[in-house]
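Everything on this sheet refers to the single structure shown next.
Every number here is computed from the coordinates shown, using simple stated rules; none is lab data. Only a predicted model underlies this, so the values are computations on that prediction, with no experimental measurement involved. Virtual Cβ from ideal backbone geometry, glycine too; neighbours counted across all protein chains shown.
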Amino acid sequence: MDWEQKLSDGVTPSKPVIAVDGPAASGKGTLARRLAAHYGFAYLDTGALYRAVALSVIDAGHAPESEPHGVAAAETLNMAQLDEADFAARLRTAETGKAASIVAAMPDVRAAILSAQRRFAENPPDNKSGAVLDGRDIGTVVCPDASAKLFITANAAIRAERRWKELRIGDAALSLAEVLVDIEARDARDKSRAIAPMKQAADALLLDTSDLSIEEAFTAVLALVESKLNL
Ligand code: DC
């Protein structure tokens, strides 16, 4: 789509949005960050929002399955907390990831977080010229009109190995088998939930990163995005 053409046509000004969806450890976060840096766009890791809700519930002493506490945490989510070093580090643990997938299946949690994500896409912070959002439902629900949509995947064994290499730095006792079980359970929960399940949008471009290095994957992603954006 030609954005300058759109503006000159008198269409409501809006900025390009790149939607990047896919399962855990597919490489979507790294690729989305790099796309944002490449184009000078703002970047939002929407998984961090669900992780923050889950962590707030756990920190308050409740089980992640407790829906009223999940909804209350989502409604009072403090985005500034995402930048606090200790909170941000605890967001990345395997326990928080699993809990995030549980709170993410709650319709009222998703509803509370939806408008913040849309505001980010429509009005990127720091007056950036566009936005990249990554998650599970960006191309299908959050930004169905995104200028470019990607669905990044990789086979579960490879994703488990990638995630295990990251997580074992903080937890030497963690086994690869445990991480694989966890990833498969998370995929199943994220794909089968009734509301906004993880799925490839009909107009999303698919990239399987199983056999690609980060550089190779980024080159491929850039070519796909360039085919959709006219910047
Ligand atoms: O991408 P991540 O591993 O940080 O995401 C954590 C969980 O949050 C994931 O298992 C599902 C949920 N999630 C979601 O349901 N929708 C999103 N847009 C992003 C994440």
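Each Cα pair under 8 Å and six or more residues apart adds its sequence gap; the mean of these over the residue count of the chain is a relative contact order of 33 percent. Exposure proxy shown here: for Tyr43, Tyr50, the number of other Cβ atoms within 10 Å sets the order, fewest to most, as Tyr43, Tyr50.
Decide, for the chain, between rounded, prolate and oblate: order the square roots of the alpha carbon gyration tensor eigenvalues as a ≥ b ≥ c, take rounded if a/c falls under 1.5, and otherwise choose prolate if a/b is larger than b/c, else oblate. In terms of gyration-tensor shape, oblate. For Ala116 and Ala173, what does the FRET efficiency come to when R0 = 41 Å and r is the distance between their Cβ atoms, rounded to the nearest 0.05? Calculated value: 0.65. An oblate overall shape is assigned to region 173-231, the ratio a/c of its alpha-carbon gyration tensor axes (a ≥ b ≥ c) being 1.5 or greater and a/b not exceeding b/c. Compute the angle between helix 46-59 and the longest alpha-carbon principal axis of the chain, please, reported from 0 to 90 degrees and rounded to the nearest 10. Taking Cα atoms only, the helix is inclined about 30 degrees.
How would region 1-133 be classified by its alpha-carbon gyration tensor: rounded, prolate or oblate, with rounded meaning a/c under 1.5 and the a/b versus b/c comparison settling the rest? Prolate. Going from the residue with the fewest nearby Cβ atoms within 10 Å to the one with the most, Thr46, Thr93 rank Thr93, Thr46. Between Thr219 and Asp83, the C-beta separation translates, for a Förster distance of 25 Å, into a calculated FRET efficiency of about 0.25. Put a dot 7 Å past the Cα of Asp211, heading toward its Cβ, do the same for Asp126, and the two dots end up 3.8 nm apart. Among Ser210, Ser26, the order by Cβ neighbours within 10 angstrom, fewest to most, reads Ser210, Ser26. In the chain, a dipole from Cβ-located charges (positive for Lys and Arg, negative for Asp and Glu) runs towards its positive end, and of Ser14, Gln81, Asn127 it is Ser14 whose Cα lies farthest in that direction. Note on the chain: Lys pairs 8 or more places apart or on different chains, Cα atoms under 17 Å apart, count 13.
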